[in-house]
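Written below as structure tokens is the structure these notes are about.
The values are calculated or read from the model by the stated rules, or taken from the named source; none is laboratory data. Given the structure is predicted, the values throughout are model-derived calculations rather than measurements. A quick note on method: Cβ atoms are made from the backbone with ideal geometry, for glycine too, and the neighbour counts reach across all protein chains shown. Surface accessibility is based on the protein's heavy atoms, side chains included, excluding ligands, DNA and RNA. Shrake-Rupley method; radii C 1.70, N 1.55, O 1.52, S 1.80 Å.
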Amino acid sequence: MDKILRVNMTDLTTAVEEVPAEWAGLGGRALTSTIVAREVPPACHALGPNNKLVFAPGLLSGTAASNSGRLSAGAKSPLTGGIKESNVGGTAAQMFARLGIKALIVEGMPQGEGWYALKVGKDGVTIEEERGLLGLGNFAVIEALQSLFGKKTGVIAIGPAGEMKLTSANISVKDPSGKIRSHGRGGLGAVMGSKRIKFIAIDDEGAPGISLADPEAFKAASRVFTKALMDHPVSGQGLPTYGTNVLVNILHEAGGLPTRNFTHGQFDGHEQICGETMHDTIVARGGKPRHGCHAGCVIQCSQVYHDQEGQYLTSGFEYETIWGLGANCLIKELDDIARADSLMDDLGLDSIETAVAFGVAMEAGILSWGDGKEVVRILREEIGKGTALGRVIGSGAGAVGRTYGVTRVPVVKNQAIPAYDPRSVKGIGITYCTSPMGADHTAGYTIATNILNVGGQVDPLKKEGQIELSRNLQIATAAIDSTGMCIFIAFPALDIPECLPALIDMINARFGAKLTGEDVTGLGKSVLKLERAFNLAAGLTSADDRLPEFFSSDPVAPHQAVWDFTNEEIDAFWDF
Amino acid sequence: MAPITVTIKLFAHFRHGRFKEADHQFPPGVACREVILGLGFRLGEMGIVMVNGQHAPLDHPLSERDTLALFPLVGGG
């Protein structure tokens, strides 16, 4: 029987609860957002006792379905002031699912100065005082927990950034190689830090495992689904070979690669940091060009990147991070970016928010454009040690802009804009504006259709069709985020007709349900509306569904594109 | 009519055994399709075709100093 684990950090008690009937058909983002909307007062302080941190595996997590191992984390975000869901690979989702844990809810806040750890296992969850691992980075925490509890132990942890409650702090989850994947965005690490929880260790020994209502039907649907993933050129070949970083050259060519804190759309150093160069470098140094963030991933878009001596430097080295410190901060040395990536993982910082914060800091004159060595120093010596400057940069792009009087601050709802310029790729601008998450490319990835010719084609430089494109993708994404599936299944789902029905068939075979495509779309719509309602109750308004002013006033080369949607046009997004 | 010079850029595995970037000469108004086939590609291999940074159909005629960028179907995020 699936259950809800509840942890009260105010009185240090735990409970195992039955799953309420209305939550039974929910998982992942649908469940975290439903619980946050139901139980968190929208106007509460995100770092106060009334916020709750919720973890939930997806509906299909723990099954043999390919790419289904994503874990959602949700709370009110201290960065955006709105609702947040951020999902991650790693081993935790599948362990939770095998343990029958539908969700883990952490509420309240300890009164004293003590720190704690949670231990999750087949009998529920316990709270223990923690001293030894405080102040340590995520890699040391994982290493220590593996030597204490064994190699297979699951880990969800915060680094020093989360302990300091910085609003760029992420939550790290151990991956199958003992490295790190991140609940990256929205400062959820600060929420975990506010509850004074350094880590959650998971032991799935003796777990009841997953039961399938119709194993034969599941197997048949799973086969069709996996074939679609393997057959599509993006998920079957492109992503496994070059990873996400293949996008550097594509966005450069399209004039949508934000450069020098969003002043240009092209970067003259693009060949030094692009996916093609990275692939050749990884192979030459004995790294791994293919790597999965969770067991059962058939796409394997991740990689292991070695330094010049052939020693491990970082993994999960993504386009967003490489763009953020590369084009956006003008750093041309991939090794410097890799060192910064590893440090951000260790400190527990969102690498999008932090990279964009560095771009604003460079504009403010705090450090020079392109100075990768200084970025590494600031990460280690300022943010890592909690100096005043470190805390400002570690609080995100908006905080740096406000502190230093910078007007070109690329954020929506105070969350940094990722790696696509919304002036020259207009569909993604609608997603940045309207997503209840703040600026988040994954919430409705219009790049697929604007740039990559997946799911049809909508001209990135024209306004026509962008609202509808973003709306359809945001609805579909909210549903996919609830299944435990990696968002990259959207590439085959947009192009291969058998893919989405097979996904729905798997959900039905898992739970003995009779969901239709319309039900799944309905789920996506209801999740978005629930999240939007939370944000409005928290005090956000349609004025928060806007891009910063400079996108309308400053044309971006080479297409001299500006952001030209009216407020009424943007607000029409919500007409569904 | 004098030939035109077109800069051709190749990406991802299209570079293997070919080049990253090269100037080639063609008759004026040559279509993207002819250039692609002339490089030994099959049309079905094309993911993204851009002329001067904008998506272009295969029958798009090329002009002097155009840049033609060819990508296989790739993606990320």
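Which Cα, out of A:S552, A:A161, B:H55, lies furthest along the positive dipole direction of the protein assembly as shown (beta carbon charges, K/R +1, D/E -1)?
The residue sitting farthest along the positive end of the dipole is A:A161.
Separation of the range A:13-87 and the range A:515-576 by C-alpha centroid, Å?
Taking the Cα centre of the range A:515-576 as reference, the centre of the range A:13-87 is 22 Å away.
Given a 1.4 Å probe, how much area per residue of the range A:472-553 is accessible, in Å²?
Values: 3290 Å² over 82 residues.
That works out to 40 Å² for each residue.
Counting Lys and Arg as +1 and Asp and Glu as -1, each charge on the Cβ, what is the dipole of chain A about the Cα centre in debye, to the nearest 20? Intermediate values should be presented prior to the final figure.
Numbers: 51 positive and 65 negative charges, 189 e Å.
The calculated dipole for chain A is roughly 900 debye.
Please give the length that would be gained between A:R380 and A:E568 if that part of the chain were fully extended, namely 0.36 nm times their separation in residues minus their C-alpha to C-alpha distance (nm, one decimal). The partial results should precede the final answer.
Values: separation 188, 0.36 × 188 = 67.68 nm, distance 4.50 nm.
So the extension gain works out to 63.2 nm.
Round to a whole number: what % of the accessible area of chain B belongs to carbon and sulfur, probe 1.4 Å? Could the numbers behind the result be given before it?
Details: 1820 of 3550 Å².
Ligands and nucleic acids excluded, carbon and sulfur reach 51 percent.
Using a 1.4 angstrom probe, figure out how much accessible area the range A:327-452 has per residue, in square angstrom, rounded to the nearest whole. Numbers along the way, then the final one.
Numbers: 2880 Å² over 126 residues.
Using a 1.4 Å probe on heavy atoms only, each residue of the range A:327-452 averages 23 Å².
Less than 13 Å apart at the alpha-carbon level, and either on another chain or at least 8 residues along: which aspartates and glutamates does that give for A:K514?
A:D214, A:D505
If you stretched the chain out fully between A:W369 and A:V283, how much longer would it get, using 0.36 nm times the residue separation minus the C-alpha to C-alpha distance? Mind dumping the intermediate values first?
On the way: separation 86, 0.36 × 86 = 30.96 nm, distance 2.95 nm.
Stretched out fully, the A:W369 to A:V283 stretch lengthens by 28.0 nm.
What 222 nm value per residue comes from the helices of chain A, counting each DSSP H run with n ≥ 4 as -39,500 (n - 2.57) and dividing by all residues, nearest 500 deg cm²/dmol?
On the way: 24 runs with 219 residues, N = 576.
-11000 deg cm²/dmol, from helical runs alone.
Tell me, in nm to one decimal, what length is gained between A:Q146 and A:A21 on full extension, where the rule is 0.36 nm per residue of separation less the Cα-Cα distance? Intermediate results must be reported in sequence, preceding the final value.
Working: separation 125, 0.36 × 125 = 45.00 nm, distance 3.68 nm.
The span from A:Q146 to A:A21 would gain 41.3 nm if fully extended.
List the accessible area buried at the contact between A and B, summed over both sides and calculated with a 1.4 Å probe, in Å² to the nearest 100. Working shown, then result.
Values: alone 19750 and 4630 Å², together 22340 Å².
Separately minus together, A and B give about 2000 Å² buried.
Give the accessible surface of chain B per residue, rounded to a whole number of Å², with probe radius 1.4 Å and ligands, DNA and RNA excluded. Before the final figure, lay out the partial values.
Working: 3550 Å² over 77 residues.
Counting only protein heavy atoms, the per-residue value for chain B is 46 Å².
In a shell of Cβ-Cβ distance under 13 Å around A:A37, excluding A:A37 itself, what net charge do Lys and Arg (+1) and Asp and Glu (-1) give? Could the numbers behind the result be given before it?
Numbers: positive: A:R29, A:R38, A:K52, A:K76, A:K84, A:K529, A:R532; negative: A:E22, A:E39, A:E85, A:E531.
Summing Lys/Arg as +1 and Asp/Glu as -1 gives +3.
Can you give me the % of accessible surface on chain A that is carbon or sulfur? Probe 1.4 Å, all protein chains present, nothing else counted.
Working: 9580 of 18780 Å².
The nonpolar share, carbon plus sulfur, comes to 51 percent.
If you take the beta carbon distance between A:E309 and A:D554 as r and set R0 to 51 Å, what does 1/(1 + (r/R0)^6) give as a FRET efficiency, to the nearest 0.05? Can you show the working numbers first?
Details: r = 43 Å, r/R0 = 0.85.
After rounding to 0.05, the efficiency reads 0.75.
Which translational diffusion coefficient, to the nearest whole µm²/s, is obtained for the protein assembly as shown from the Stokes-Einstein equation, given a Kirkwood hydrodynamic radius over C-alpha pairs, 4 °C and 1.567 mPa s?
Answer from the Stokes-Einstein relation: 52 µm²/s.
Could you work out the per residue convex hull volume over the alpha carbons of the range A:153-211, in cubic angstrom?
Working: hull volume 6.1 nm³, N = 59.
Residue-normalised Cα hull volume stands at 103 Å³.
Where nothing but the Cβ of Lys and Arg (+1) and of Asp and Glu (-1) is charged, how large is the charge dipole of the range A:24-178 around its Cα centre, in debye to the nearest 20? All intermediate terms of the calculation are to be shown ahead of the outcome.
Numbers: 15 positive and 11 negative charges, 98 e Å.
Dipole magnitude for the range A:24-178 comes out near 460 debye.
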